1. Considering only protein heavy atoms and a 1.4 Å probe, what is the carbon-and-sulfur percentage of the accessible area of the range 31-160?
2. Among the chymotrypsin sites (Phe, Trp or Tyr not before Pro) in the range 78-160, which ones are in a DSSP loop with at most 15 other Cβ atoms within 10 Å of the Cβ? Mind listing them?
Amino acid sequence: MLKKTIIALYLGVSVLLMSFAPASTEIKNERIEFQNPTEVTWKLLGQIDFIKKKNPHYGEVMYPMVNGTLKALQGKKIKASGFIVPIDSKTYALSKNVFAQCFFCGNAGPETIMGIKFKGNTPKLKTDTYVTMEGTFRYNADDIDDWIYHIENAVITHQK
């Protein structure tokens, strides 16, 4: 009887101690990563080279060669600031420059703009609103019909 009581007590203490252990270290790491996104500046995004390659649809085209620092950020949480530029009635991009000087209208290059995919519904935003947003970074070095840089699952954290 004493042995059964000691074993039951031992099991009860073990269960009690396990209840204080974290459920998963993976979830804890995700929270830390989201709380501390890497700030990506336009200066860093501008550190890009281009190489001529044949494209089956367009002939010879300049393809981006993304730097190693940005490659390491692929799929990671980032923070970026810039001006909102409307692409169409439901799509926006984040730009280094205001609309009048952006990639489409001014002398800026494709590395000065970042496609935005919002987490949840796309908010209504005014052209040239300066925002800071957090989201997942993705670069594109192969599809010339798409942006070079993207911020996905984006959430606006500051707006002027």
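The values are calculated or read from the model by the stated rules, or taken from the named source; none is laboratory data. Just so you know, these numbers come straight off a predicted model, no measurement behind them. Positions of Cβ are backbone-derived with ideal geometry, glycine not excepted, and every protein chain shown enters the neighbour counts. Heads up: the accessible areas ignore ligands, DNA and RNA and are worked out on the full protein's heavy atoms, side chains in. Shrake-Rupley method; radii C 1.70, N 1.55, O 1.52, S 1.80 Å.
1. Answer for the range 31-160 is 49 percent, counting heavy atoms of protein chains only.
2. Counting only loop positions with at most 15 other Cβ atoms within 10 Å, the chymotrypsin sites (Phe, Trp or Tyr not before Pro) in the range 78-160 are F104.
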